[in-house]
């Protein structure tokens, strides 16, 4: 796990954005983390408009213009958590820095789940009942801009069991 010094200097986060490509385990790790911490939970997939879900289900990668309304919905959730004085965890791919900039607040910490490509492929081919087909992994990896050193982010190797990954994140918080 790498920890950015600027993230530590900011103090404790009240909202954690668990990020990464499809198959990284965002939803599962976010749920485990929220449960361990007793924080609110949201899944970024639930914030997509129906048109985005239809595109992805059809194997069509989203464009930046597709993602902006989705990110705005997630940003509203983050703002509501902060305003109400609650703590929360949200699973969101946040693949590009410009997307993270849209979600970034002083109270937000990004946790990037870093998973090797072969493990991502294995997970995606075994996953059932999800709108995101394995064929979109390449487009996600192409779009991915891992957090830079000046971003409030932790990078976590996430090949282990989700509960263990969540426990390591909770300890880092």
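The values are calculated or read from the model by the stated rules, or taken from the named source; none is laboratory data. Keep in mind that this is a model prediction, so the values were computed, not measured. As a convention, Cβ positions derive from the backbone with ideal geometry for all residues, glycine included, and neighbour counts pool all protein chains shown.
Residues in the stretch 87-122 that are surrounded by fewer than 19 Cβ atoms within 10 Å (Cβ to Cβ), over 24 Å from residue 138 (Cβ atoms) and out of contact with any helix residue (DSSP H, G or I) (no Cβ under 8 Å at 6 or more places or on another chain): 2 in all. List the pairs whose first member sits in the stretch 86-106 and is within 11 Å of residue 151 (Cα to Cα), whose second member is loosely packed, with under 15 Cβ neighbours inside 10 Å, and whose Cβ atoms are under 6 Å apart, counting only residues at least 6 apart or on separate chains? Here the result reads 97/145, each pair linking the stretch 86-106 to a residue that is loosely packed, with under 15 Cβ neighbours inside 10 Å. Of everything listed in (1) out of contact with any strand residue (DSSP E or B) (no Cβ under 9 Å at 6 or more places or on another chain); (2) under 28 Å from residue 171 (Cβ atoms); (3) modelled with pLDDT of 95 or more, the single unmet condition for residue 76 is (2). Does the stretch 58-66 contain any residue that is out of contact with any helix residue (DSSP H, G or I) (no Cβ under 6 Å at 6 or more places or on another chain), in a loop (DSSP other than H, G, I, E, B) and in contact (Cβ under 8 Å) with a residue 40 or more places away in the chain? No, the conditions are met nowhere in the stretch 58-66. Taking each residue of the stretch 146-173 that is at negative phi and modelled with pLDDT under 90 and looking for partners that are surrounded by fewer than 15 Cβ atoms within 10 Å (Cβ to Cβ) and not in a strand (DSSP E or B) with beta-carbon atoms closer than 6 Å, six or more apart or interchain, yields 159/119. Of all residues in the stretch 53-62, those satisfying the criterion of being under 16 Å from residue 92 (Cβ atoms) and crowded, with 17+ Cβ neighbours inside 10 Å are 56, 62.
Here is a yes/no grid of residues against (1) surrounded by fewer than 15 Cβ atoms within 10 Å (Cβ to Cβ); (2) at pLDDT below 95; (3) within 17 Å of the chain's Cα centre (by Cα):
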{"position": "34", "(1), (2), (3)": "no, no, yes"}
{"position": "40", "(1), (2), (3)": "no, no, yes"}
{"position": "43", "(1), (2), (3)": "no, yes, yes"}
{"position": "47", "(1), (2), (3)": "no, yes, yes"}
{"position": "51", "(1), (2), (3)": "yes, yes, no"}
{"position": "64", "(1), (2), (3)": "yes, yes, yes"}
{"position": "68", "(1), (2), (3)": "yes, yes, yes"}
{"position": "80", "(1), (2), (3)": "yes, no, no"}
